[in-house]
1. Determine, yes or no, whether residue 232 is at pLDDT 95 or above and within 26 Å of residue 197 (Cβ to Cβ).
2. Please enumerate the residues belonging to the stretch 231-243 that are assigned to a helix (DSSP H, G or I), in contact with a helix residue (DSSP H, G or I) (Cβ under 8 Å, 6 or more places away or on another chain) and surrounded by 20 or more Cβ atoms within 10 Å (Cβ to Cβ).
3. Could you name every one of the strands (runs of 3 or more DSSP E) located completely within the stretch 92-203 that has at least 1 residues being hydrophobic (A, V, I, L, M, F, W, C) and closer than 30 Å to residue 53 by Cβ?
4. If you check every pair at least six apart or on different chains, which have Cβ atoms under 6 Å apart with a residue in the stretch 211-232 that is in contact (Cβ under 8 Å) with a residue 40 or more places away in the chain first and a residue that is of a type in the set (Ser, Thr, Tyr) and crowded, with 20+ Cβ neighbours inside 10 Å second?
5. Is it true that some residue in the stretch 244-261 is in contact (Cβ under 8 Å) with a residue 12 or more places away in the chain, within 30 Å of residue 130 (Cβ to Cβ), polar (S, T, N, Q) and crowded, with 22+ Cβ neighbours inside 10 Å?
6. For the stretch 1-69, which fully contained strands (runs of 3 or more DSSP E) count at least 2 residues that are surrounded by fewer than 20 Cβ atoms within 10 Å (Cβ to Cβ) and at pLDDT below 95?
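The values are calculated or read from the model by the stated rules, or taken from the named source; none is laboratory data. This one's a predicted model, so the numbers in the text were calculated from it and none came from an experiment. Neighbour counts are summed over all protein chains in view; Cβ atoms, including those assigned to glycine, are modelled from backbone coordinates with ideal geometry.
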Amino acid sequence: MALLVALAGLCGGCGEDSAWLVADGVAWRQVTVKARGTDLVTVDLFVDANHAGPADLPADQRLPGLVLCPGGLVEPAQYAWLARRLAARGFAVAIAHFPSNLGLLAQDNAQVARRLLTQGSSAATVPALAALGRVAVAGHSLGAVVAAAVATDGGFAALVLLAGYAAAGDPVETLKIPALSVAGEVDCSAPLAQVRAGWLRLPPGALLAVVQGLSHYGFADSLAPDVKGGCPHPLALEVGHERVGAAVEQFLRRALIDPALPMPGGITGVTWEVRP
């Protein structure tokens, strides 16, 4: 992962001609595409190396996909760990970039990332990787607000909220797609009680996964903001990543691949509830 983060830093200004980079069987590239006429939107793409190339995947070989919206003022590279994990397990992942790392300034960038996954971009020689109708949207913290908002706009097949919840005015109770809320037990920034209240606004059947000992920035790639803020962080970062990653993966497999799979569960340190 350190290699990919370093590459992300080096490629911060890369545009349409950035090539696939491969590490540990996962291919990564950063592309910038036009949207809304003149805007430029940057997206980080992750996929299994066997699926990386210049040509669209055949329709019957396209992958389940995920668009990931970073937290407020958090660099997109902080979520490369989750993107790499899911890519290695058969998902196509797009991390959307937002102006000033604030998703609320351009929520539609998440939809731009979804279209990039499902349609590709001839201008940037980006192939179509994900199957139309099998792309979920996820967001951490402020990114969860963005993810919930764009989910209500349509086009996504599932919703994942990480340490966050929908804004008060967004009608998430009307969603007809599977939803998962993942909470950190000791989160100072998005306290468990608030995340639970947000989960109760989701439709019946929505899942809540509570990760014991997980703090707010345990969802990202550094606990430094928790340390600076004096927030407890008893769970080691790599353990938190393993538990969050496993919960998200189990949910996405059931939501996007096979609804007959068992309900998510069986992860050490994670408790589950189903919205009644």
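1. Answer is no for this residue.
2. Correct list: 240, 241.
3. 92-96, 130-140, 158-162
4. From the stretch 211-232, the pairs are 231/215.
5. yes
6. Hits in the stretch 1-69: 26-35, 39-48.
The rows are residues; the columns are (1) in contact with a Cys (Cβ under 8 Å, 6 or more places away or on another chain); (2) over 17 Å from residue 126 (Cβ atoms).
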position: 27; (1), (2): no, no
position: 32; (1), (2): yes, no
position: 36; (1), (2): no, yes
position: 49; (1), (2): no, no
position: 55; (1), (2): no, no
position: 64; (1), (2): no, yes
position: 72; (1), (2): no, yes
position: 75; (1), (2): no, yes
